[in-house]
Amino acid sequence: MKRIVLLISILTMTSSIAQTGVIKGLVIDKQSESPLVGATVELLNSEQVNGVITDIDGYFTLEKVPFGRQSIRVSYIGFESITIPNIVVTSGKEAVINVALIESFDQLDEVIITSETNKAQAINKLTSVSARQFGLEEVTRFSGGRSDVGRLAANFAGVSAPDDSRNDIVIRGNSPVGLLWRLEGVPIPSPNHYSTLGTTGGPVSALNPNLLKNSDFITSAFPAEYGNAIGGVFDLGFRKGNLDEYEFSGQVGIFTGVEAMAEGPLGKNKGSFLVAGRYSLVSILGVGAGGTSATPNYYDISFNIDSGKGKLGSLSLFGILGNSDIEFLGDDIDEDDLFAAEDENTFVDSGFGVVGLKHQINLGKNSFLRTIAAGSFSINDFIADRFIDKDTPEERIIRYTEADNTETRYTFSTLINTKLSRKATLRTGILLENFQIEALERDRLEQPDNDGDGDPDLFTFTDIDENLSIVQPYVQGQLRLTEKLTLNAGLHGQYSTLNEQFVLEPRAGLSYKAGQNHRISFGYGLHHQPVSLPLLFLNEEINGELVQSNVDLDFVRSNHFVLGYDARLGNNWRSKVEVYYQSIDNAAVEPFPSSYSSLTEGADFGFQNDRVSLVNEGTGYNQGIELTLEKFFSDGYYGLLTTSFFESKYEGSDGIERNTPFNNGYVLNLLAGKEFKMGVSGKNVLFFDTKLTLSGGRYFTPVNLEASQQAGFEVLREDLAFSEQNDDYFRLDVKLGYKINSRSKKRSHQFYVDLQNVTNNENIFVRRYNRLTNRVDQVDQIGFFPDFGYRFQF
């Protein structure tokens, strides 16, 4: 400890000479997205006047900015000016800020309205309710988050994620499969390592947060440009590389791995490049992590290459490529492993990738055309070899389960955005997606021994090579009815070539400013989504032939209703309350009285493979109230309190109302952090963050122990589906770190230690039948786990 204190003291003393950094960025018209030439950018709370104006392309560079958290004000004649706080300025990297100003409601000769950025508001200007923006600073700041955008979302009101093993996002009681992931304007498969077909989460994120710009997270009644989802939307974007300087960084962390990143200018038209690669640290060390003793191996590469703005518009190439594998060997597995069993050797390989080309060109002063063509893939290969009569002279191994699934997706998106006037904006477009699915799944579980070899038969549940397309046209607009009242409305269409179904979905949202610090909002949306692909293409044996009896299922349908109230409690505080109701029908259920519903799927690595001849007769609903109280970062500290009280119910074909597995009942998150300036000039920072999470336990279906012992595999009491609830989930995380800015060179360092579940609370993961001991065992989630990280920027 004395050595650590001495090292910090030396680093602090050698950094005492005052240095400055740079804030740069782009200022645009929020409605037309055209650059604003001559906008004024001022540094606030500075002893000396420091300001610049934007150039002919809307760019600005503000130099000689002191290190630390700074604020700027951006103004332009006839537009509402805006104040942007908490811009982190360091010696190792220039701070890049993109600013969107909205034209004043009435024609003005000078700026008279000044507002402050509010992350409770989405970047998408056509969103009225249930939305929030987030950025890199939040993803990397919060304790316990593993630099994972999925785990970041778990801090927001309405989101439940009491599972340490995966980053599935449960929004307002919906299954995680109801989530839409978008990158640079196009849908993508689950961007996670070890993901499987049809799921949206995984143990480790393949999204590198260091490439993300401020993005949107929407939990309900989303605008008309979003479709094929009933739960929520993660709308992500990659930032551009530095337009003027070459910058590099390297970092290391338990979950993020070993990373290198480079960025800089490209060409003569303000182009840039940004590329980063990561490799699993635990793989290098040869140790297990995340709830298993097996060693996970994974890597990913992300990039965004922008040509700049030319006569034919701007062109950018973006993408992510990732791969992961792990081997669970039964002889090396503990009985409390979250993912494997002692009597199996399991081999998992997965891959994920998306590559897209985006083009944007202005069509006059107030319109632009944006077109994106992309290809993506998701691959999962799973093999389980089971020991029979393990640890006896008769021991043998048989192939018990195998799955080889590949989803290839080709996407084309185009839209036209037009600023009709300072009061009206119109956006119309179309999204075309073509899915090519190759899926093979064989399993012996619960199968008879028809061939008489003494083992259950290896039955083929899925063996397909299918092609389907989904077409989504939409039109939406914003009308500022008065200075205080804004209407966002649109119509989304969706057509599937698989079942030849076409639906129209009206969306609408109203936002009313009741004074300077109060806002009331209402939103409605009709949303549809197909039943998950692993269910659609299941085989059923009819008269000796394998038939796909689920392929004609209709879309699941969902109606969203939301009412919200947002209040600013002073300069740096805000509160928000939302109440919602979501009605769901057309869910897939069995054709005979049963507790099963497709609404209960999606919380694990796979789907039930024996649910065939399903019909669209299931229903469900989600309802609740959410409260957010937030202290934005100021005076060296921040705080965030989010609470959600909700109910999530469904009915299968037996007509009995039951809890969904996602009906935790309540979630509470309390986050707080403090920064201390260190050194004579205060350039260095000692920071502290903490997070407390308390949630109701998930509902589960109890095991029928006697039937399981007779069958030799787990048999559940489906007549009591989701009737029992795990104990409450509790977790406390604490993060400590230190940031160092060089006194003479463009470089910075950051160290942190993230102590996760510091109380070592035994949160329940699952209660499952153990076929080796013939009993029901409780397996707990990850206990106390220390994460660490180091970043070097230059």
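The values are calculated or read from the model by the stated rules, or taken from the named source; none is laboratory data. These numbers were taken from a predicted model, which means no experiment stands behind them. Don't worry about glycine lacking a Cβ; one is built from the backbone with ideal geometry, like all the others, and counts go over all protein chains shown.
You will find that of Gly150, Gly173, Gly144, the residue that is over 14 Å from the mean Cα position of the chain (by Cα), among the small types (Gly, Ala, Ser), surrounded by 23 or more Cβ atoms within 10 Å (Cβ to Cβ) and modelled with pLDDT under 95 is Gly144 and no other. Counting only residues that are more than 27 Å from Gln623 (Cα to Cα), assigned to a loop (DSSP other than H, G, I, E, B) and not aliphatic (A, V, I, L, M), region 518-561 holds 6 of them. Can you find a residue in region 684-701 that is more than 25 Å from the chain's Cα centre (by Cα), loosely packed, with under 15 Cβ neighbours inside 10 Å and at pLDDT 95 or above? No - not one qualifying residue is present in region 684-701.
Applying the set (1) within 30 Å of Asp465 (Cβ to Cβ); (2) surrounded by 24 or more Cβ atoms within 10 Å (Cβ to Cβ); (3) not small (Gly, Ala, Ser) to Thr196 leaves exactly one unmet item: (2). Scanning region 136-182 for residues that are within 18 Å of Glu626 (Cβ to Cβ), in a strand (DSSP E or B) and of a type outside the set (A, V, I, L, M) gives a single hit, Ser160.
Here is the figure for region 282-302: residues that are surrounded by fewer than 21 Cβ atoms within 10 Å (Cβ to Cβ) and modelled with pLDDT of 95 or more total 3.
Looking across region 501-531 at every residue that is at pLDDT 95 or above and polar (S, T, N, Q), the one that is farthest from the chain's Cα centre (by Cα) is identified as Gln501. Anything in region 586-617 that is among the small types (Gly, Ala, Ser), within 20 Å of Gln529 (Cβ to Cβ) and surrounded by fewer than 24 Cβ atoms within 10 Å (Cβ to Cβ)? List them, or say none. Ala603, Gly606, listed by residue number.
Selection of first residues in region 742-755 that are farther than 17 Å from Met678 by Cβ and modelled with pLDDT of 90 or more and of second residues that are assigned to a strand (DSSP E or B) and β-branched (Val, Ile, Thr), restricted to Cβ pairs under 8 Å at least 6 apart or on distinct chains, gives the following pairs, ordered by first then second residue: Asp754/Val734; Leu755/Val734. Within region 45-57, can one find any residue that is in contact with a Lys or Arg (Cβ under 8 Å, 6 or more places away or on another chain) and either at pLDDT below 90 or within 27 Å of Ser314 (Cα to Cα) (or both)? Within region 45-57, one or more residues are in contact with a Lys or Arg (Cβ under 8 Å, 6 or more places away or on another chain) and either at pLDDT below 90 or within 27 Å of Ser314 (Cα to Cα) (or both). Out of Glu225, Glu259, one residue alone is assigned to a loop (DSSP other than H, G, I, E, B), charged (D, E, K, R), on the phi < 0 side of the Ramachandran plot and crowded, with 20+ Cβ neighbours inside 10 Å. It is Glu225. A single member of Glu647, Glu651, Glu626 is surrounded by fewer than 19 Cβ atoms within 10 Å (Cβ to Cβ) and not assigned by TED's automatic domain parsing to the domain that holds Ile84, and it is Glu647. The residues on offer are Lys309, Lys240, Lys268, and the sole one that is more than 30 Å from Asp780 (Cβ to Cβ) and part of a strand (DSSP E or B) is Lys309.
Over 30 Å from Ser249 (Cβ atoms), touching a residue at least 24 places away in the same chain (Cβ under 8 Å), part of a strand (DSSP E or B) and touching a strand residue (DSSP E or B) at 6+ places or on another chain (Cβ under 8 Å): which single residue out of Arg791, Arg768 fits that description? Being over 30 Å from Ser249 (Cβ atoms), touching a residue at least 24 places away in the same chain (Cβ under 8 Å), part of a strand (DSSP E or B) and touching a strand residue (DSSP E or B) at 6+ places or on another chain (Cβ under 8 Å) holds for just one of Arg791, Arg768, which is Arg768.
For every residue, the table says whether it meets (1) crowded, with 20+ Cβ neighbours inside 10 Å; (2) more than 30 Å from Gly78 (Cβ to Cβ); (3) β-branched (Val, Ile, Thr); (4) more than 26 Å from the chain's Cα centre (by Cα).
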{"site": "Phe328", "(1), (2), (3), (4)": "yes, yes, no, yes"}
{"site": "Glu335", "(1), (2), (3), (4)": "no, yes, no, yes"}
{"site": "Ala341", "(1), (2), (3), (4)": "no, yes, no, yes"}
{"site": "Phe352", "(1), (2), (3), (4)": "yes, yes, no, no"}
{"site": "Gln360", "(1), (2), (3), (4)": "no, no, no, no"}
{"site": "Leu369", "(1), (2), (3), (4)": "no, no, no, yes"}
{"site": "Ile437", "(1), (2), (3), (4)": "yes, yes, yes, no"}
{"site": "Glu441", "(1), (2), (3), (4)": "yes, yes, no, yes"}
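The lone criterion from (1) modelled with pLDDT under 95; (2) in a strand (DSSP E or B); (3) of a type in the set (A, V, I, L, M, F, W, C) left unmet by Leu445 is number (2). If the condition is being touching a residue at least 24 places away in the same chain (Cβ under 8 Å) and surrounded by fewer than 17 Cβ atoms within 10 Å (Cβ to Cβ), then region 529-548 contributes Glu540, Leu546, Gln548. For region 153-170, filtered to residues that are in contact with a Leu (Cβ under 8 Å, 6 or more places away or on another chain) and under 22 Å from Arg574 (Cα atoms), the residue that is surrounded by the most Cβ atoms within 10 Å (Cβ to Cβ) is Ala157. When residues in region 246-256 are screened for being surrounded by fewer than 20 Cβ atoms within 10 Å (Cβ to Cβ) and in a loop (DSSP other than H, G, I, E, B), 1 of them pass. Checked against the criterion of being under 20 Å from Lys423 (Cβ atoms), assigned to a strand (DSSP E or B) and free of Cβ contacts under 8 Å to residues at least 40 places away in the same chain, the candidates Leu504, Leu487 yield just one match: Leu487.
Restricting Leu526, Leu563 to residues that are in the same structural domain as Gln436 (by TED's automatic domain parsing), touching a Phe, Trp or Tyr at 6+ places or on another chain (Cβ under 9 Å) and surrounded by fewer than 20 Cβ atoms within 10 Å (Cβ to Cβ) narrows the list to Leu563. Scanning region 274-293 for residues that are outside any helix (DSSP H, G or I), under 30 Å from Glu263 (Cβ atoms) and aliphatic (A, V, I, L, M) yields a total of 4. The single residue among Thr401, Thr392 that is surrounded by fewer than 17 Cβ atoms within 10 Å (Cβ to Cβ) and closer than 26 Å to Glu342 by Cβ turns out to be Thr392.
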